[in-house]
Amino acid sequence: KAGVTQTPRYLIKTRGQQVTLSCSPISGHRSVSWYQQTPGQGLQFLFEYFSETQRNKGNFPGRFSGRQFSNSRSEMNVSTLELGDSALYLCASSLAGDFTEAFFGQGTRLTVV
Amino acid sequence: DAKTTQPPSMDCAEGRAANLPCNHSTISGNEYVYWYRQIHSQGPQYIIHGLKNNETNEMASLIITEDRKSSTLILPHATLRDTAVYYCIVRGFGNTGKLIFGQGTTLQVKP
């Protein structure tokens, strides 16, 4: 079956702009989590959505937001981009977000200039 | 969730077993130990998880000490493609869908 699909794979944006990233989970998976990975901070949890509701949230400013649609696809949005937002953004899907394994996508590489 | 401590790097000869240790001395009774790995520029890949019994799957074995304060991931016959960063994660109830990644261990498999 198809894996987790993230689009786009690469993105270049200018400071102050906003960006929307997309994640299509594995069919049947209802939980989607988002992570930011930078060389300095490593992999950090952003938020998790389950059945269109945000169920868990990391320590990121309100500029980072997300949503989940009825087909479980998820988007994350970053507004007023800063240079420090340059990172690999990863999403992971799992059946229910509990103790089942999470499958990660290849990520979206965002560069803010 | 309990914190984990892993060595920053390890080397292993190709074809030999790779034994990656993880310390989680503050783990509580209902917390699981998970292992993921990340090959350069790819998304993390699930390897294995366990609660207190040793576990084995097609990729690896997980050995958890009786007091559950530490564990070892074993790759029985390491190949060059096993070169990656390996993350040990402790995960409990109430943090559904959330994985807390540490710095992990960079495993270099050498020919």
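Every number in this text was worked out from the coordinates using simple rules, so none of it is lab data. As the structure is a computational prediction, the values presented were derived from the model and not from experiment. Glycine also receives a Cβ, built like all others from the backbone with ideal geometry; neighbour counts cover every protein chain displayed.
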statement: Counting only backbone N atoms under 15 Å from a point 7 Å out along Cα-to-Cβ of A:Arg109, the residues of the stretch A:20-44 in range are A:37-39
task: Could you work out how far apart the two model spin labels at A:Arg67 and B:Lys69 are, taking each label as a point 7 Å from the Cα in the direction of the beta carbon, and quote it in nm?
output: 5.0 nm
field: Cβ-based net charge around A:Phe69, under 14 Å, with every Lys or Arg adding one and every Asp or Glu removing one
entry: +1
message: List the lysines whose Cα sits under 19 Å from the Cα of B:Lys69, skipping any in the same chain fewer than 8 residues away.
response: B:Lys3, B:Lys52
- prompt: Over the alpha carbons of the stretch B:1-96, what is the largest minus smallest coordinate on each principal axis, giving the biggest first in Å?
  reply: 36, 28, 24
Where only C-alpha atoms are counted, convex hull volume of the protein assembly as shown per residue in Å³: 121 Å³
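Give me the inter-chain shielding for A:104-111: mean count of other chain Cβ atoms within 10 Å, whole number please.
Working: counts 8, 2, 3, 4, 0, 1, 0, 0.
Mean inter-chain Cβ contacts per residue within 10 Å come to 2.
Of A:Thr14, B:Thr106, B:Thr4, B:Thr26, how do they rank once you tally other Cβ atoms within 10 Å and put the fewest first?
Values: A:Thr14 8, B:Thr106 16, B:Thr4 24, B:Thr26 12.
With the fewest neighbours first, A:Thr14, B:Thr106, B:Thr4, B:Thr26 line up as A:Thr14, B:Thr26, B:Thr106, B:Thr4.
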query: Sorted from fewest to most neighbouring beta carbons within 10 Å, what does the list A:Cys23, B:Cys22 look like?
result: B:Cys22, A:Cys23
message: Using alpha carbons only, how many angstrom separate the centre of the stretch B:17-89 from the centre of the stretch A:19-57?
response: 22 Å
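Taking all pairs of distinct Cα atoms, average 1/r, flip it, and tell me the Kirkwood hydrodynamic radius of chain A in Å to one decimal place. Write out the running numbers ahead of the final one.
Details: mean 1/r = 0.0721 Å⁻¹.
After inverting the pairwise mean of 1/r, the radius is 13.9 Å.
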query: Which lysines have a Cα less than 17 Å from the Cα of A:Lys57, not counting those fewer than 8 places away in the same chain?
result: B:Lys98
query: Across chain A, where is the longest run that never hits trypsin sites (Lys or Arg not before Pro) in a DSSP loop with at most 13 other C-beta atoms within 10 Å?
result: A:64-113
task: Work out the mean other chain Cβ neighbour count within 10 Å for the residues of B:35-43 and drop it here as an integer.
output: 4
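Using a Förster distance of 22 angstrom, determine the FRET efficiency expected from the C-beta separation of A:Asn59 and A:Leu11, and round it to 0.05. Present the calculation step by step, with values, prior to reporting the outcome.
Working: r = 23 Å, r/R0 = 1.07.
Approximately 0.40, to the nearest 0.05.
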task: Work out the mean other chain Cβ neighbour count within 10 Å for the residues of A:30-39 and drop it here as an integer.
output: 2
Ranked A:Ser24, B:Ser41, criterion: other C-beta atoms within 10 Å, fewest first: B:Ser41, A:Ser24
